[in-house]
Each structure stands twice: as structure tokens, then as C-alpha cells.
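Since the structure comes first, as C-alpha cells, the remarks are kept for the end.
The values are calculated or read from the model by the stated rules, or taken from the named source; none is laboratory data. Remember, it's a predicted structure, so these values are computed and weren't measured experimentally.
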Amino acid sequence: MELIGYTDNAAGLDATFAALADPTRRAILARLASGEASVMELAEPFEMSQPAISKHLKVLEHAGLISRGTDAQRRPRKLEAKPLAEATEWLERYREFWEASFGRLDSLLSELKKTGLKSNEQKGAVIKNSSPKNIGPKNRTIQMKTIKLSNRKRGHASPRRQRKQGD
């Protein structure tokens, strides 16, 4: 059986999306987009320890999103674009599907605007057209509650309230 949309690089995509799931890691990537930085430089904007930042960096390295360089005593991290490009390519395959779905939704909304039916009018028509003979006791109770609620909104009092007010 062949899985549709399953790529040879599924493990790489999984690691990329897992790394991108955390806002701290996304912020680190955003910082590295402007150039190399040391662990201390990357830790500055965050209120967390250096070991915590190092754990985030290990996740990003494991996903291939960043790499570690060597510059004398410094070990600057830099952004690697390839895994992000692969994730973008994978997501692009679904853009066509979503654009078609939104296109169908736009068509449906346009059609509803043309007919002039509003959802409340449609619900009212369903309640008015349903006969108590054709529905069970449970549905009849729901129907009566719906009618009572709609009467209250219109300012009509229930029969009990009318009796109390009349006494």
C-alpha cells in the first residue's frame, strides 16, 4: 500500500514541525534569520536559564534548522534554510486543496445572498412546517421550548405569566 503525501523525508518533516511547534524556538529562528548568534546572545531576550536555551537549540539542531559553527572560543549558531524549504514545499501541496474549498464556500455564500434567505428565517420555516403529529415526545418538547424562547424575544408572555399577571 502506498501512502499518499508520505515522502521519503517524513522523519525530517516531523522533526521540523515539532521544532516549529514551540514559540521560543520560532523566536530563536527569527533572531537567527538576521545572522549568526552565540548561545548567550540567543538567551538574552528570554527569561530562562542557559541550559533551557541549550535544550531548545538541540531540538533545532536535531531538526536541521540550525547549525553550530566554530569561531575561536565562540560557537555561533546559524539558520539552515533547507528544512524550512522542504516544509514549505510540503505545505504548498495542500494550498490548491484549500483554495478550491474556499472557492466552493464563496460560491455557496454568494448563492445564499442571492436567494435572500437568512439562517434564522430558515430555522423558523423548519419549526413552522414541522407537525407535532410527525415528531416524538422528546422532539415536541424541544420544539415547544424553541417556540417559547422565540415568543419571549418578541415580547409575548407565556400562558403562565399571563395568568399570574391577570390574577
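Observations, loosely collected:
- Subset of the range 92-140 (residues that are at pLDDT below 55, aliphatic (A, V, I, L, M) and in a helix (DSSP H, G or I)): Ala125, Val126, Ile127
- Restricting attention to the range 74-91, the residues being among the small types (Gly, Ala, Ser) and assigned to a helix (DSSP H, G or I) number 2.
- Taken across the range 87-108, residues that are more than 28 Å from the chain's Cα centre (by Cα) and within 23 Å of Leu20 (Cα to Cα) do not occur at all.
- Some residue of the range 94-108 being under 30 Å from Arg31 (Cα atoms), in the same structural domain as Glu41 (by TED's automatic domain parsing) and of a type outside the set (D, E, K, R): yes
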